[in-house]
Amino acid sequence: MLKAIIFDCDGIIADTEPLHLSTLQQSLRQEGIVLTTEDYYAQYLALDDRGCYKLVYQRNGLELTEAKLSELMRRKAESIEPIMRRELTVFPGVPDFIRTASKRLPLAVASGALRGEIDLILDHAGVSSYFEAIVSAEDVTRGKPDPESFLKALSLINGRRDNTIDPAECLVIEDSLHGVQAARMAGMRCLAVTNSYDRSRLSQADIITSSLADITLSQIEIVFEY
């Protein structure tokens, strides 16, 4: 039985992946490093900022000190916030889906984004009050595809109730390959939305939809009957 839902944020609630890409590329260009759009979507999309920079430097054969990593992350965070405030777009149907789901189930966010970025997105979408728990990049030591963020979100949900919800009773909503893999490693079911990848790339998910506007909780609950 479906008893809880955990949402990714970037690429699920709001169309922020292009904004992350452009600010990541800008910060890397200042270091003489080129990151193509194709490489970002193929290898980096689900990683948090720390993971992105570390992998980029590793694949370019460059040393990345902790001080330089902190500087890069700070510059990106400072540059993306005003852009998000100007250009943030919420995906169609998402606020309604969240409001409807919250009437029946506890909801959480587990994202590789920084907490300030998550709060900005949820506030912009008008859905902040519907989430019991938020897990951001600052709250975990291992990013997706490691399941740490999803398991921590479920732990926070369980901390608010007497009856424990098992991972198998939890749905993750994701747009990325690493996110789908993390959900499976957490022992959770996964609904993938084709906002960032086509259906063939997300085949490990239990359900795939082109939009949260096109699916209902009743359709999702069928998956939990097997």
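Every number in this text was worked out from the coordinates using simple rules, so none of it is lab data. Keep in mind it's a predicted model, so treat the numbers as computed, not measured. Don't worry about glycine lacking a Cβ; one is built from the backbone with ideal geometry, like all the others, and counts go over all protein chains shown.
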Is there a quick way to get the dipole size of region 1-151? I mean about its Cα centre, with the Cβ of Lys and Arg at +1 and of Asp and Glu at -1; what is the value in debye to the nearest 20?
200 debye
How large is Rg/Rh for the chain, to two decimals, with Cα atoms and a Kirkwood Rh?
0.96
With 10 angstrom as the radius, rank THR37, THR194 by how many other C-beta atoms surround their C-beta, starting from the fewest.
THR37, THR194
In a Gaussian network model of the chain with springs linking alpha carbons closer than 10 Å, the residue among SER211, SER70, SER155 that fluctuates most is SER70
List LEU69, LEU19 from most exposed to least, where exposure is judged by having the fewest other Cβ atoms within 10 Å.
LEU69, LEU19
Run down the lysines and flag those whose C-alpha is under 27 Å from the C-alpha of LYS68, throwing out any fewer than 8 positions away in its chain.
LYS54, LYS76, LYS144
Largest first, please: the extent of the C-alpha atoms of region 77-199 along each principal axis, to the nearest Å.
42, 30, 29
Under the rule of -39500 (n - 2.57) per DSSP H run of 4 or more residues, summed and divided by the residues of the chain, what mean residue ellipticity at 222 nm is obtained, to the nearest 500 deg cm²/dmol?
-12500 deg cm²/dmol
Given axes a ≥ b ≥ c from the Cα gyration tensor, I'd like to know whether region 17-87 is rounded (a/c under 1.5), prolate (a/b larger than b/c) or oblate.
oblate
